[in-house]
Amino acid sequence: VRNRLNPLSADQREIVDTLSVAGRDTDLDVLLDVISLDEERALDAIDVLVESGLIAERRLSGQVLIDFSHRKVGDVAYRDLDPEWRASLHRRLAVALEMRSGDSVVISEAIGEHYSRAGESGKAYRHLASTALKLWQRSLTSEAWEMSERAVLLAESASGDLSEDAFDRARLGVLRVRAYMSYNRGAWEQAENILASLHAVATKLED
């Protein structure tokens, strides 16, 4: 795989690097928002990569989606990235996706994950907390719990990144999900402890 990646031009390599960080089918418009190339140069680089068989395009409901033809290419490219460049691309992707997230829980989760990998725990926590709440409201309880677990792991570092009010408002959503799920599972002691925390945060926010 490296033998195929090494001869790429700088433009082509930026496309490959960005797709490796995205880790999934990427909307062409999002890709163009993230990379530093102008549209014409970017499209030329994409055409060469498609012709070489490294990446593939497909159309879905008016979108042009781009991904690697083989996941191994993305895995190798991602592992070889300079850590600072990788974090920068995660941050750029998070920002680009925020502009288009709407009410999509899939995109909201992706934004949280990209911010987390960029080292921005506060923004990651807010998006994962929001995603957990949306999943719970849609009765996707197992997924909501798993998302709340991921948010909890970031809570300590997020509290230092966010203002006290912003952190408490995000935490309120996490606690709502976890209190309900603990009660629903019959984990009474856990539910009682979480409800106490929920009550304290809600009182503080006058919610």
Which of the residues that make up the range 1-26 are farther than 21 Å from Arg58 by Cβ and open to solvent by less than 10 Å² (accessible area, probe 1.4 Å)? Leu5
Exception for Met99 within (1) open to solvent by less than 30 Å² (accessible area, probe 1.4 Å); (2) in contact (Cβ under 8 Å) with a residue 60 or more places away in the chain falls at (1)
When you scan the range 145-173, how many residues do you find that are buried (at least 21 other Cβ atoms within 10 Å of the Cβ), under 17 Å from the mean Cα position of the chain (by Cα) and over 16 Å from His114 (Cα atoms)? 2
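Taking helices (runs of 4 or more DSSP H) that fall entirely within the range 72-152, which contain at least 2 residues that are within 22 Å of Asp29 (Cα to Cα)? First the steps, then the outcome.
Working: elements: 83-98, 105-117, 121-137.
Those helices (runs of 4 or more DSSP H) span 83-98, 105-117.
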Count, please, the residues in the range 36-69 that happen to be out of contact with any Asp or Glu (no Cβ under 9 Å at 6 or more places or on another chain) and either in a helix (DSSP H, G or I) or loosely packed, with under 14 Cβ neighbours inside 10 Å (or both). 12
State whether one or more residues within the range 120-136 are surrounded by fewer than 17 Cβ atoms within 10 Å (Cβ to Cβ) and either of a type in the set (Lys, Arg) or under 22 Å from Leu153 (Cα atoms) (or both). no
The range 187-207: number of residues that are surrounded by 15 or more Cβ atoms within 10 Å (Cβ to Cβ) and aromatic (Phe, Trp, Tyr): 0
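The values are calculated or read from the model by the stated rules, or taken from the named source; none is laboratory data. Remember, it's a predicted structure, so these values are computed and weren't measured experimentally. Cβ atoms come from the backbone with ideal geometry, glycine included; neighbour counts cover every protein chain shown. For accessibility, only protein heavy atoms count, side chains too; no ligands or nucleic acids. Shrake-Rupley method; radii C 1.70, N 1.55, O 1.52, S 1.80 Å.
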